[in-house]
Amino acid sequence: MTSWIEGVERRVLANGLTVLAQYDRHAPAVAMVTHVKAGFFDEPDRWQGISHVLEHMFFKGTPTRGVGQIAAETKGLGGYLNAHTSYDATCYYVVAPADRFAAVAAIQADALRRASIDTGELARELKVIVEEAKRKLDTPSAHAYETLHELLFDRHRIRRWRIGTEAGLLGFTRADVDGYYRSRYVPDRVIVAVVGKVPTAEVFATAERLYGDWPAALGGVDPSPEEPWRSGVRARVLRGDVRQADLALGWRGVAPLAPDAAPLDVAAAVLSSGRGSWLYQTVRQPGLVSSIGAYHYSPAEVGVFSITADLAPGDLAAVVERIAGLIARLRTTGPATADLERAATLRKAQWARRLESLDGRAMAFASAEAQGGLEILDQEFARLDAVTARGVVEVAARYLAPESVSAVAFVPAAWQGDLAEPWLAATFAGSPPLSPAEPPPPAEPAPPIPRPAARTRHDDVVHASAGSVDVLIRPRPGAPLVSVGVYRRRVAEESPDTAGLGTLAIRSLMRGAGRYDANGLAHAFESLGGSLSVAVGADWVGVAASVLAERRDLAASLLVETITAPRFDPAEIERERRTLAEEAVHAADDMFRYPVQMALGGAFGPVGYGLPVKGTVASLERLGAYQVRAWHGAELAAGRTTMVAVGRVDPDRSIPSLVGAMAGFGPGREAKPLPAVPWARVAPEVVESRDKSQTAIAMAFPGPSRTDPDRHAVEVLAAIGSGLGGRLFTALRERRSLAYTVLMSSWQRARAGALISYIATSPQREDEARDAMLEELRRFGAQSVTDEELDQAVNYLAGQAIVQRQTTAAMASELVDAWLIGTGLAELTDPAAAYRAVTKQAVQAAAQRYLRSEDAVVAVVRGGR
């Protein structure tokens, strides 16, 4: 790595607006990020949440573009757009086919400079944001984490509920929002970053044309009150209608450019980066939590060092005690050389992945420029590489002090335990250093023995086959990484008694295989610059890793060893089973996925697609090592195995070694195809009442399978209905302010499909939301979509077929999907063609065929708070 900012050019217009541009000849698209240096920290208390309100109004129109037109025009150009508000900035971004740059740039510039902020639209949108705030209250992890900020800080604005309160939001006037807009959205607080297949000269000329006449102005400055230093342990317990607990522990950190920022970042990486990390080895792997992570988050002038976890409430004390022991070790002996080397190898790959996508790169460039200059990116990486074990010990001793810890636990209302401050103080003050398992001596995977194989080429994909294995290679020039995976189509579906068995078996692979125990396997992959990941669906399973390109062959050998020679130690399988059981309990707290799964269960019944892939609490109780071994043996005994490699890879040189790596798979008998799955509609309506701020409604209708000729028409139908500017978005969110989240999606699997719609609204508006959703869906069959709607949806889907190929992981996913459950590699040649062939008549016919009320399954998680 020479520089992360190589090829980036910078211009500052006369009015102070900064433009960054990087030409990428390998890119399939272009990303444009508009970074405004105004966020939650800029808001005085009377305007708490107003930055996020303005973000919403950005899409509401200008004097020349009406409500919804910004999103509709962008969609019609094949682009997607979105935005987010953070503590120190608000970012708007669009990714589109490169030849549409001039048009999408004009739309973004118009929205930035000439937002209408109509009084009526503002009133409606404030109700939408209130629904978003309620959704956040129903998300335990978000609620706990922001409450942690409130405990850690007494004066600084980071302590506030950043989205704002319902009363404060509904009190905003047009004068408030327009005043904030006029005072903060000025040229010298704006950075426009463009990355993709657009020459930099064109970027700068376009920027001059679109922004050059924007008058310079002094931006309003209202800094946050400074936070005095303090010590003292603080704790809070939040109780609600949740099935599992969410824990957030933290200390005050430092600003991003402070000298101690890099050592704190490395401390967080040692704790939680990868499966070889301290927290994974001592807390996640033993099954005490279902997920855990450590972070040093540094927005602008403050920082927060935090550890968050999902866990069973009864394990709260044990988890806190282990975390305290690991922090004690950081403060005393610190990380070993092997820990720092592992973190450094992972960091290189993580940064490469972070800067692989066009919008990820553009956001990183804009953020660095906002902090003081592009070169900050290279300087930050160099500082991280220079961190020593002693440096980690020093910052841990300085900032992660026992007397300064704060903790928040969001627990089930009926849980009788507590998180008392005296106990928390004593635990962190008195816990001896906890030493994670030492990494085993390095056991590098054996390089594969090359084997010849027949090969064919399908556009940019090379296919090689030998025996019962296939190897698919897809080069992506310019990528420093290779995504390598081994995949298999499933040969049997699950029943109520075996739900989650495939997930348990595949996840148990990570707990030891061949020469490696769980710790050794984690370190072996991380030495290659990646982490082992598993993919489990109802149709196929796989193991994969995204690694540094030069380590590709070793990763392939290690993946094959993982899937063909699992240890399946009963104790390790039991730990993974307990973790899955906790996740099954926790799934009910997800107000999106849970009602959707309820709808699928009502549609397909308690088998196959109607069951959660991760299993149910009841089914997981019955699973163990015997069933796991039997499942693994049966799955590998039939069917073909496919290896996929995408990235910086030369097919001619790589095929012999990758085919050789697959030698571990036996011949295998031919797998019997599984039959199509009928729409059983065993439960037309499923309702569950919860103490939540919102009611979530998911509707499922029959839909085409992944290979059904109707699938493209149905995807166009869903694109017309969903997303910014879509029918459902316009009718239910923009006109009625019923919800923040409303969508329609084509759910496609190998043997069945569904059309799914979703809305989350206030409990008192449940009937209104349900009726409005059904009415909009009925309209699709009753009357033809317009030419404009069809063109926008088709152009959007065609554009996204190009845009999605930004990263090696996305290209690998597209390839796996087409090969395993699609119609084959021919799909990849011109994925846009099938969408362009869809007519208005085909869309209406699809709506009439699938969106029939007598086939609908409605799932409701009814709130009542």
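Assorted remarks:
- For the stretch 361-406 and the stretch 619-684, distance of Cα centres in Å: 42 Å
- Charge-dipole axis of the chain as Lys and Arg at +1 and Asp and Glu at -1 on Cβ define it, positive-most pick from SER404, ALA217, ALA818: ALA818
- The chain: radius of gyration over Cα atoms, expressed as a fraction of 2.2 N^0.38 Å: 0.93
- Within the chain, helix-based [θ] at 222 nm, where runs of 4 or more DSSP H residues each add -39,500 (n - 2.57), nearest 500: -12500 deg cm²/dmol
- The spacing between the stretch 526-553 and the stretch 1-65, judged by their C-alpha centroids, is 33 Å.
- For ALA407, neighbours were defined as the other residues whose beta-carbon sits under 13 Å from its Cβ, and their charges (Lys and Arg +1, Asp and Glu -1) total -3.
- For PHE568, solvent-accessible area (1.4 Å; no DNA, RNA or ligand), Å²: 10 Å²
- In terms of overall dimensions, the C-alpha atoms belonging to the stretch 543-615 reach 46, 31, 23 Å along their principal axes, ordered largest to smallest.
- LYS127 - accessible surface, heavy atoms, 1.4 Å probe, Å² rounded to 10: 110 Å²
- Calculation over all alpha carbon pairs of the stretch 619-703 in 5 angstrom steps from 0 returns a P(r) of 3, 8, 11, 10, 10, 12, 13, 11, 10, 7, 5, 1 percent.
- Formal net charge of residues neighbouring ALA625 (Cβ-Cβ distance under 14 Å; K, R +1; D, E -1): +4
- List THR741, THR34, THR173, ordered by accessible area with a 1.4 Å probe, largest first: THR173, THR741, THR34
- Count, lysine Cα pairs under 18 Å in the chain, 8 or more residues apart or across chains: 7
- Over all pairs of different C-alpha atoms in the stretch 61-216, the reciprocal of the mean inverse distance, the Kirkwood hydrodynamic radius, equals 18.0 Å.
- Expressed in units of 2.2 N^0.38 Å, where N is the residue count, the Cα radius of gyration of the stretch 131-180 is 1.31.
- Student exercise, the stretch 605-717 dipole from Lys, Arg, Asp, Glu Cβ charges, in Debye to nearest 20: 280 debye
- Think of each Lys and Arg Cβ as +1 and each Asp and Glu Cβ as -1; about the Cα centre, that makes the dipole of the chain roughly 880 debye.
- Selected from GLY303, ALA739, ALA505, residue furthest toward positive end of dipole (the chain; charges at beta carbon): ALA505
- In the context of the full protein assembly, ILE163 retains an accessible surface of approximately 10 Å², using a probe radius of 1.4 Å and ignoring ligands and nucleic acids.
The values are calculated or read from the model by the stated rules, or taken from the named source; none is laboratory data. Everything quoted here is computed from the prediction, not taken from an experiment. When we count neighbours, we look across all protein chains shown, and the Cβ atoms used for this are built from the backbone with ideal geometry, even at glycine. Accessible surface is based on the protein model in full, side chains and every heavy atom, while ligands, DNA and RNA are left aside. Shrake-Rupley method; radii C 1.70, N 1.55, O 1.52, S 1.80 Å.
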